[in-house]
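**Student:** Just passing along the structure, written as structure tokens.
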Amino acid sequence: MPEPDDAGSLARSTLGRARDHLLSLQSEEGWWKGELETNVTMDAEDLMLREFLGIRTPELTAESAAWIRCQQRADGSWATFYEGPADLSTTLEAYVALRLAGDDPSEPHMAKAAAFVRGAGGLERSRVFTRLWMALFGLWSWDDLPALPPEIIFLPPFVPLNIYDFGCWARQTIVALTVVAAYRPVRPLPFGIEELRSGLSPLPPKRWRTPEGAFQLLDRVLHRFERLARRRLVRSTLREAALVAAERWILRRQEADGGWGGIQPPWVYSIMALHLRGYRLDHPAVDRALEGLEGFTINEDGMRRLEACQSPVWDTALAVVGLADSGDDLSSEPVRRAVEWIAGEEIRVRGDWGVRRPRLEPGGWAFEFANDNYPDVDDTAEVILALRKAGVRPDDGPVAAAVERGRRWVEGMVSSGGGWGAFDADNTQQLCTRLPFCDFGAVIDPPSADVTAHVLEMLVRELHLEEAIGVAGRRATEALVEGAVSWLREAQEPDGSWFGRWGANYVYGTGAAVPALIDAGVARDEPCIRRAVAWLEAHQNPEGGFGEDLRSYVDTEWSGRGASTASQTAWALLALLAAGETRSGCVSRAVAWLAETQRPDGTWDEPWYTGTGFPGDFYINYHLYRLVFPISALGRYVSALEGRAS
């Protein structure tokens with residue numbers, strides 16, 4: 001085990017190489033953006049979308065199919081994350097995409113995939129969204145899918161199960177899908193997929209007195225309503241009014257880049273919804289949407305893959321924080337360009353968050369290049385931290401004014417109980433999760449430990465800055481800080497960790513919560529901090545790194561367990577350093593692991609996914625995480641050894 005002085009020397013040299021690499025990745029405009037790698041459902045559904053619209057080309061198909069094939073595993077399956085378990089629905093969608101590309105079912109890779117699908121339950125046990133895609137091509141019956149009536153658009157916000165009870169990503173997807181489901185389109189393929197059926201009978205209904213059974217009963221009622229709504233008399237009145245309202249809702253939320261929410265699911269389904277409403281492919285709204293999808297495409301080595309999302313605001317804020325933590329010159333040209341770019345991304349329009357907070361003035365930042373309808377709390381908090389670390393002071397003109405608007409917006413987005421969700425306030429309607437079509441991914445946006453911790457860290461530093469320049473602290477902000485501290489204390493897991501909603505998983509939540517609580521004045525010797533430190537020490541890998549497999553979202557036996565990664569090791573270090581463990585053996589070993597595993601170009605290899613879209617269902621490999629978080633952690637480690645404040 002290296003002594004602290006030796007680890008400090010390792011940290012300085014490792015940090016220097018990492019910082020140089022990060023600076024080399026900055027765009028001319030000032031932003032950073034790493035790839036957001038996901039699974040092949042993005043690529044399979046892109047091919048199916050193009051087949052549905054009649055615009056699939058041989059060249060594009062060949063490139064996408066090549067990518068899908070190279071991701072197949074030895075057992076014939078595809079997974080949702082690197083080295084994860086085989087996934088039925090992902091494999092089924094990949095198989096159908098390869099059939100579109102001309103792969104014959106008798107080829108070994110196809111036969112193995114089909115055998116896996118049948119063994120895992122077949123088409124009959126795939127998720128609802130997969131069966132919906134199959135229904136578009138006549139491979140599954142629309143009658144055997146949960147009902148999605150477009151009339152839900154008329155439910156006012158105070159009625160349970162209205163569209164604003166859903167998280168923003170689910171809301172945009174559901175509204176578009178209600179239009180698609182109302183038309184029940186079928187565009188047959190030149191092949192069937194009987195080889196993917198297992199022959200299993202439908203699962204028996206739940207007892208009606210259980211929540212699941214009650215919603216199954218509701219679904220049967222809605223199916224009867226659907227049959228009525230498809231009759232011409234009703235179709236010309238209520239149903240058509242609902243479709244018109246949904247169409248307008250979709251159009252109003254199209255972003256400048258042509259997409260919806262900056263993410264793939266609502267983007268794809270909104271294109272289909274507008275197409276079914278009679279919009280030609282050369283209509284400006286559809287044309288912009290299709291063109292915008294190309295901006296999410298990566299073409300390499302004759303293969304084509306899609307990102308589910310892009311994160312330039314988030315990545316740029318994290319990069320600036322990392323450079324500041326590393327001791328970089330904050331007046332340098334790279335930092336100046338980043339600050340100017342971030343400031344220009346401020347959102348000044350009211351989005352769906354205004355439904356729950358109608359009196360709150362707009363402000364804040366989104367995750368993507370274009371997502372004005374959905375700024376998010378997490379990005380806004382991190383952007384404010386970044387701008388302050390870059391030297392933006394309260395009297396620095398327009399940029400400082402943007403920071404103040406963002407801060408007020410974040411404060412206004414607090415949920416009952418003192419925590420923060422990502423996109424909405426008090427988005428906690430659990431009934432949404434019981435609906436039969438909600439079998440894939442999170443559909444609500446309740447407060448989480450990681451988002452609340454980032455907000456707490458930002459608010460505390462804002463109060464400290466005001467105190468430093470002689471401005472009296474704001475009582476409202478101080479009350480929010482107290483509430484956030486209480487919320488985080490209550491959210492701590494019995495084992496001492498915190499759940500990580502947007503990063504994997506307990507290592508991420510703990511890496512966010514501990515520094516925020518320390519910043520807020522919680523003493524390092526308090527039980528909640530010591531329990532967190534003990535949990536981290538107990539979960540350090542023998543070689544010195546930290547890792548956590550994404551299976552911890554569904555099986556807590558994986559909590560804190562997994563192959564060591566640079567990003568997760570950095571998250572653990574951030575918590576340990578905040579807790580005062582600078583000279584501990586645990587910290588020295590983690591620093592040494594980062595030094596030993598750094599690539600010659602200054603970054604780290606990290607094929608494991610450490611980002612979370614939907615816990616338990618959809619994950620992301622943020623390619624910049626392996627760089628920005630180690631820079632912050634190593635920078636704070638060096639600062640602590642030298643007695644400097646971070």
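The values are calculated or read from the model by the stated rules, or taken from the named source; none is laboratory data. Just so we're clear, the structure is a prediction, and the values are computed from it rather than from any experiment. When we count neighbours, we look across all protein chains shown, and the Cβ atoms used for this are built from the backbone with ideal geometry, even at glycine.
**Student:** Conditions first: (1) at pLDDT 95 or above; (2) under 15 Å from Gly167 (Cβ atoms); (3) of a type in the set (A, V, I, L, M, F, W, C). Cys438 passes all but one, so which condition is the exception?
**Tutor:** Just one mismatch for Cys438, condition (1).
**Student:** For a quick check of your reading of the model, give me the residue pairs whose first member lies in region 179-205 and is surrounded by fewer than 16 Cβ atoms within 10 Å (Cβ to Cβ), whose second is polar (S, T, N, Q), with beta-carbon atoms closer than 9 Å and at least 6 apart or on different chains.
**Tutor:** Pro205/Gln216
**Student:** Please specify each residue of region 369-384 satisfying the condition of being buried (at least 24 other Cβ atoms within 10 Å of the Cβ), touching a helix residue (DSSP H, G or I) at 6+ places or on another chain (Cβ under 8 Å) and part of a loop (DSSP other than H, G, I, E, B).
**Tutor:** Tyr374, Pro375
**Student:** Select, from Ala18, Ala44, the only residue that is closer than 30 Å to Arg184 by Cα and in contact with a helix residue (DSSP H, G or I) (Cβ under 6 Å, 6 or more places away or on another chain). Talk me through it step by step, then tell me what you get.
**Tutor:** On the way: Ala18 fails: closer than 30 Å to Arg184 by Cα.
Unique residue meeting the criteria: Ala44.
**Student:** Quick one: would you say Leu550 is aliphatic (A, V, I, L, M) and either outside the structural domain of Leu318 (by TED's automatic domain parsing) or farther than 14 Å from Tyr508 by Cβ (or both)?
**Tutor:** Working: aliphatic (A, V, I, L, M): yes; either outside the structural domain of Leu318 (by TED's automatic domain parsing) or farther than 14 Å from Tyr508 by Cβ (or both): no.
No, not satisfied.
**Student:** If you go through region 553-570, how many residues are part of a helix (DSSP H, G or I), within 20 Å of the chain's Cα centre (by Cα) and closer than 28 Å to Phe440 by Cα? Step through it out loud before you land on a result.
**Tutor:** Taking region 553-570 and keeping what is part of a helix (DSSP H, G or I), we get 553, 556-558, 566-570.
In the following step, the residues that additionally are within 20 Å of the chain's Cα centre (by Cα) were identified as 553, 566-568, 570.
Subsequent filtering for residues that are closer than 28 Å to Phe440 by Cα retains 553, 567-568.
Selection size over region 553-570: 3.
**Student:** Assess whether Gly278 counts as being farther than 17 Å from Trp169 by Cβ and either part of a loop (DSSP other than H, G, I, E, B) or β-branched (Val, Ile, Thr) (or both). Please lay out each step first, then the result.
**Tutor:** Details: farther than 17 Å from Trp169 by Cβ: yes; either part of a loop (DSSP other than H, G, I, E, B) or β-branched (Val, Ile, Thr) (or both): yes.
Yes; evaluated as a whole, the condition is true for this residue.
**Student:** Hey, does region 370-385 have a residue that's at positive phi and touching a residue at least 12 places away in the same chain (Cβ under 8 Å)?
**Tutor:** Kept after step one, since they are at positive phi, are these residues of region 370-385: none.
Checking region 370-385: not a single residue is at positive phi and touching a residue at least 12 places away in the same chain (Cβ under 8 Å).
**Student:** Could you give every pair whose Cβ atoms fall below 7 Å, whose first residue belongs to region 507-529 and is at pLDDT 95 or above, and whose second residue is hydroxyl-bearing (Ser, Thr, Tyr), counting only separations of at least 6 or pairs across chains?
**Tutor:** Qualifying pairs under 7 Å: Gly509/Ser497; Thr510/Ser497.
**Student:** Quick check on my filter: what residues within region 571-604 are assigned to a loop (DSSP other than H, G, I, E, B) and under 19 Å from Gly16 (Cβ atoms)? Write out each step before concluding.
**Tutor:** We begin by selecting, within region 571-604, every residue assigned to a loop (DSSP other than H, G, I, E, B); these are 579-584, 598-604.
Scanning region 571-604 gives Gln598, Arg599, Pro600, Asp601, Gly602, Thr603, Trp604.
**Student:** For Gly213, state whether it is of a type outside the set (Val, Ile, Thr), on the phi > 0 side of the Ramachandran plot and assigned by TED's automatic domain parsing to the domain that holds Thr90. Give the derivation first.
**Tutor:** Details: of a type outside the set (Val, Ile, Thr): yes; on the phi > 0 side of the Ramachandran plot: no; assigned by TED's automatic domain parsing to the domain that holds Thr90: yes.
Answer is no for this residue.
**Student:** A further question on this structure: Looking only at region 122-152, which residues are buried (at least 20 other Cβ atoms within 10 Å of the Cβ) and among the polar types (S, T, N, Q)?
**Tutor:** The answer is Ser126, Thr130.
**Student:** Let me ask something additional. Within the bounds of region 339-354, is there any residue that is surrounded by fewer than 18 Cβ atoms within 10 Å (Cβ to Cβ), modelled with pLDDT of 95 or more, part of a helix (DSSP H, G or I) and touching a Pro at 6+ places or on another chain (Cβ under 9 Å)?
**Tutor:** Checking region 339-354: at least one residue is surrounded by fewer than 18 Cβ atoms within 10 Å (Cβ to Cβ), modelled with pLDDT of 95 or more, part of a helix (DSSP H, G or I) and touching a Pro at 6+ places or on another chain (Cβ under 9 Å).
**Student:** How many residues are modelled with pLDDT of 95 or more and in a loop (DSSP other than H, G, I, E, B) when one looks only at region 391-416?
**Tutor:** Qualifying residue count, region 391-416: 4.
**Student:** If you don't mind, another one. Please note which helices (runs of 4 or more DSSP H) are completely contained in region 31-122 and include at least 3 residues that are in contact with a Pro (Cβ under 8 Å, 6 or more places away or on another chain) and in contact (Cβ under 8 Å) with a residue 12 or more places away in the chain.
**Tutor:** On the way: elements: 41-53, 58-70, 88-100, 108-119.
Filter on region 31-122 gives an empty set.
**Student:** Look through Ala402, Ala484, Ala422, Ala491 and report the one residue that is in contact (Cβ under 8 Å) with a residue 40 or more places away in the chain and over 21 Å from Trp365 (Cβ atoms).
**Tutor:** Values: Ala402 fails: over 21 Å from Trp365 (Cβ atoms); Ala484 fails: over 21 Å from Trp365 (Cβ atoms); Ala422 fails: over 21 Å from Trp365 (Cβ atoms).
Testing whether each residue is in contact (Cβ under 8 Å) with a residue 40 or more places away in the chain and over 21 Å from Trp365 (Cβ atoms) leaves just Ala491.
This table checks each residue for (1) more than 30 Å from Leu217 (Cα to Cα); (2) among the β-branched types (Val, Ile, Thr).
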residue: Arg408; (1), (2): yes, no
residue: Val414; (1), (2): yes, yes
residue: Gly421; (1), (2): yes, no
residue: Cys432; (1), (2): no, no
residue: Val443; (1), (2): no, yes
residue: Ala453; (1), (2): yes, no
residue: Glu462; (1), (2): yes, no
residue: Glu467; (1), (2): yes, no
residue: Arg489; (1), (2): yes, no
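**Student:** So which of Ala319, Ala324, Ala242 ends up being more than 30 Å from Ala65 (Cα to Cα), assigned by TED's automatic domain parsing to the domain that holds Ile153 and of a type in the set (Gly, Ala, Ser)? Please lay out each step first, then the result.
**Tutor:** Working: Ala319 fails: assigned by TED's automatic domain parsing to the domain that holds Ile153; Ala324 fails: assigned by TED's automatic domain parsing to the domain that holds Ile153.
Only one candidate passes the filter, namely Ala242.
**Student:** Within region 621-640, is even one residue farther than 19 Å from Val321 by Cβ and without any contact (Cβ under 8 Å) to a residue 40 or more places away in the chain? Walk me through how you get there before you give the answer.
**Tutor:** First, the residues of region 621-640 that are farther than 19 Å from Val321 by Cβ: 621.
Now drop any that are not without any contact (Cβ under 8 Å) to a residue 40 or more places away in the chain, which leaves none.
Within region 621-640, not a single residue is farther than 19 Å from Val321 by Cβ and without any contact (Cβ under 8 Å) to a residue 40 or more places away in the chain.
**Student:** Let me ask something else. In region 311-333, is there at least one residue being crowded, with 23+ Cβ neighbours inside 10 Å, under 25 Å from the mean Cα position of the chain (by Cα) and assigned to a loop (DSSP other than H, G, I, E, B)?
**Tutor:** Yes, because at least one residue in region 311-333 is crowded, with 23+ Cβ neighbours inside 10 Å, under 25 Å from the mean Cα position of the chain (by Cα) and assigned to a loop (DSSP other than H, G, I, E, B).
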